[in-house]
Amino acid sequence: MAMDYFREYILDHYRNPRNYGKLDQPDVHAEDSNPLCGDQLGMDLIVEGDHVKEVRFQGRGCAISQASASMLSEMIEGKTVEEVVALGKDDVLDVLGIPISPARTKCAFLSLRVLHRGLAMAGLEQPDNEEEEE
Ligand code: FES
């Protein structure tokens, strides 16, 4: 029952992605693809003061990658930069709500990787060298 709920929730985010699009002159921008399948994802953030004021993502790919990007965008908006920097894999897994098989973790974490890469490129967090592994 709960599983069905979360599957529906993922499909809903996939079909009706929140915060889909691009921003003009974003303070944070990064994009990347999943090397295994070529699916792509980009993220734009506007930072005002110490808060993320707006977020958009663009991409194409499987339901897990696009839904987790949509969910992540909802988590980011309105948060402080510090809170966004602290977002990790557990937060994404929590919001997805269903077990993600090892083969799909790259899908689930694609947007998170793009986010942290963007934050690092914008000088808002330390580059995380671990992110490329896995
Ligand atoms: Fe490509 Fe999931 S199959 S990101």
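We did not get these values from a lab; they are worked out from the coordinates using the rules stated. For clarity, every value in this text was computed on a predicted model and none was experimentally measured. Reconstructed Cβ throughout: ideal geometry from the backbone, glycine too, with neighbour counts over all protein chains shown.
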Discussion item. Report for the chain the percent antiparallel among DSSP-assigned beta bridges with both residues inside it, nearest 5.
Written reply: 95
Response to the item:
Highest GNM mean-square fluctuation among 58, 25, 40, for the chain with Cα springs under 10 Å, belongs to 25
Discussion item. Could you work out how much longer the chain between residue 79 and residue 98 gets when fully extended? Use 0.36 nm per residue separation minus the Cα distance between them, nm to one decimal.
Written reply: 4.4 nm
Worksheet entry | Proxy reagent accessibility, fewest Cβ within 10 Å first, across 95, 114 | 95, 114
Worksheet item: What angle, in degrees between 0 and 90 and rounded to the nearest 10, separates the Cα long axis of helix 2-15 from the longest principal axis of the Cα atoms of the chain?
Response: 50
Worksheet item: Suppose every K and R has +1 on its Cβ and every D and E has -1 on its Cβ; what is the size of the dipole of the stretch 1-74 about the Cα centre, in Debye to the nearest 20?
Response: 280
Fill in: C-alpha long axis of helix 105-121 to longest principal axis of the chain, angle in °
0
Item to complete: Only Lys, Arg, Asp and Glu count, each charged at its Cβ (+1, +1, -1, -1), so figure out the dipole size of the chain about its Cα centre, rounded to 20 debye.
Response: 600
Discussion item. Helix-only estimate, please: 222 nm mean residue ellipticity of the chain, summing -39500 (n - 2.57) across DSSP H runs of length 4 or more and dividing by its residues, to the nearest 500.
Written reply: -13500 deg cm²/dmol
